[in-house]
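Notes to accompany the following structure.
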Amino acid sequence: MLGKNETLIESKDIIIGNPAAEVMIMAFIDYESRKSAEANEMVKKILTDFAGRVKLNFRHFPLMRIHQKALKAAEAAVAAAQEGKFLEMHEMLFANPKHLGTISLKSYAKEIGITNKSFLNDLVNGKYGVYVQDDLKYGIRLGVKEVPAFFINGKKLEGEITQALLAESIKSVLNQ
């Protein structure tokens, strides 16, 4: 696992947007899920539309029964976060959902500037797997059954997730 002086950046600690924002969007995603990729695009627009007023936390919820490579992809995102490259890896994974094997993941790591020489070895040995499993367990405790799943300040959004639903949910928290 980790050395004595190593501090791991877990998914729960990766905040995109203004860390002091009053609205927290937590999204459970799967890198092989087309709907998760579509939701990622919606979230990018939300971050722009509500700049400074929202923060985002992606959590991993790989549907391993139907997406065999989603777990390793999630591990690659956690590994990239250790070098401050989560968002770059996250976007790379969504851009290449049909190419998420370990060799492709190593190639993406190199492309985005990961310097960890043991990146591939860490993936093969599942160094970050426990942290992805923690996200899965947390999602299950919150009632997540499918992806994407969204929570706004801890409240689960129900039904079909649309740009309008996300925006309205945020506005209601902001009392607009």
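Between L87 and K145, what is the spin-label point distance in nm, taking each point 7 Å from the Cα along the Cα→C-beta axis?
3.4
Using r as the Cβ-Cβ distance of T48 and I103, and R0 as 35 Å, what FRET efficiency do you calculate, to the nearest 0.05?
0.55
From zero outward in steps of 10 Å, how is the percent of C-alpha pairs of the stretch 73-176 spread across the bins?
Going out from 0 Å in 10 Å bins, the stretch 73-176 shows 13, 35, 30, 18, 3 percent.
If you line up the long axis of helix 86-95 against the longest principal axis of the chain, both from Cα atoms, how many degrees apart are they, to the nearest 10?
Tilt relative to the chain: about 90 degrees.
Just to confirm the number: angle between the C-alpha axis of helix 129-142 and the first principal axis of the chain, 0 to 90 degrees, nearest 10?
20
Using a Förster radius of 30 Å, what is the FRET efficiency between T7 and S172 based on their Cβ-Cβ separation? Nearest 0.05, please.
For T7 and S172, the calculated efficiency is 0.25.
How far apart, in nm, are the 7 Å Cα→Cβ label points at T162 and K137?
3.8
Can you give the relative contact order of the chain as a percent, counting alpha carbon pairs under 8 Å and 6+ residues apart?
32
Taking the 0 to 90 degree range and rounding to the nearest ten, how far is the long axis of helix 34-49 tilted relative to the main principal axis of the chain, both from C-alpha atoms?
In the chain, helix 34-49 runs at an angle near 60 degrees to the longest axis.
Any read-out appearing in this document is the output of simple, stated calculations on the displayed coordinates, not a laboratory observation. Keep in mind the model is a prediction, meaning the values are calculated, not measured. As a convention, Cβ positions derive from the backbone with ideal geometry for all residues, glycine included, and neighbour counts pool all protein chains shown.
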